[in-house]
1. On C-alpha positions alone, give me the angle between the axis of helix 126-139 and the longest principal axis of the chain, in degrees, nearest 10.
2. Students often get this wrong, so try it: which of [x] 16.0, 47; [y] 19.6, 64; [z] 16.8, 48 is Rg and Dmax of the Cα atoms in Å as calculated from the structure shown?
3. For the chain, modelled as a Gaussian network with Cα springs under 10 Å, which listed residue fluctuates most, TYR45, TYR168, TYR25?
4. Of LYS35/LYS97; LYS89/LYS130; LYS60/LYS191, which sit over 25 Å apart, Cα to Cα?
5. Taking the highest mean first, how do the peptides 157-165, 91-99 order by number of other beta carbon atoms within 10 angstrom per residue?
6. Using only Cα atoms, tell me the angle between helix 179-192 and the longest principal axis of the chain; keep it within 0 to 90° and round to the nearest 10.
7. Please order ILE6, ILE187, ILE136 by the number of other Cβ within 10 Å, starting at the fewest.
8. Calculate for the chain the 222 nm mean residue ellipticity that helices alone would give, adding -39,500 (n - 2.57) per DSSP H run of length 4 or more and normalising by residue count, nearest 500 deg cm²/dmol.
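Derivation of every value follows stated rules applied to the coordinates shown; laboratory data play no part. Worth saying up front: this structure is predicted, and the values here are computed from it rather than measured. Positions of Cβ are backbone-derived with ideal geometry, glycine not excepted, and every protein chain shown enters the neighbour counts.
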Amino acid sequence: MKDTEINTRIHILDEATPLFAAQGYNGVSMRDLSKAVGISAAALYHHFSDKRTLYLEVMKHSFVDKATAFARSVTNAGTAIEQLEDFIKGFTLMVNKDQNFRALVMWELLDGDEARLKLVAEEVLLEPFKMVYALIQDIDPEADHYMLTISSIWLVLSHSTTAPICQYLPGWETSYSNPSVISAHVIQLLKNNINPAVGVANERVPKK
């Protein structure tokens with residue numbers, strides 16, 4: 001593929017991402033996309049055979065970079081608990097910064113399309129899931145590693161995503177939308193449900 005075609009393809013994906021994030025898969029037509037990108041429908045179909053193909057590529061384009069960011073959010077050195085804290089802090093910061101990422105994940109949960117849900121799981125959540133699972137397993141071999149891993153990931157997503165609604169509930173403080181406050185809260189909840197194995201908390205645990 002020529003550089004010009006690659007650049008055009010990336011441009012299409014960059015322009016399509018916020019559209020799908022705002023309106024979901026069913027709310028955007030190929031005509032809407034061609035208008036937003038500034039190319040003809042025929043040119044759009046040259047790069048992507050149909051809307052579903054384009055949408056799946058948007059998902060990959062948006063999420064693959066996020067999966068890499070998740071991995072980088074955990075340092076190579078430190079105890080398992082310290083690495084878990086690093087992950088929660090980095091993940092929370094990333095989620096709060098990227099509104100399109102949050103919206104695309106929420107649209108998938110609402111739409112319930114199996115193929116797209118599978119893509120999110122495999123392209124976005126699998127690597128961070130395995131990483132956090134292994135860290136919690138190192139910290140507390142007797143814990144429910146699956147449930148705690150899911151909780152650590154979705155607590156961050158839910159706090160960050162529902163802030164626009166929660167601000168109207170009694171007791172809301174503006175600091176509750178701060179990534180550092182959210183991550184500290186999630187970390188404390190996890191610590192309350194993890195019992196470090198003898199000696200494990202003080203060991204240096206390499207990143208998986």
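1. 0
2. For Rg and Dmax of the Cα atoms in Å, the calculated option is [y].
3. Of TYR45, TYR168, TYR25, the most mobile in the Gaussian network model is TYR168.
4. In this structure, LYS35/LYS97; LYS60/LYS191 exceed 25 Å between Cα atoms.
5. Per-residue Cβ counts within 10 Å, averaged per peptide and sorted highest first, yield 91-99, 157-165.
6. 50
7. Arranged by neighbour count, lowest to highest, ILE6, ILE187, ILE136 become ILE6, ILE187, ILE136.
8. Here the helix-only value at 222 nm equals -23000 deg cm²/dmol.
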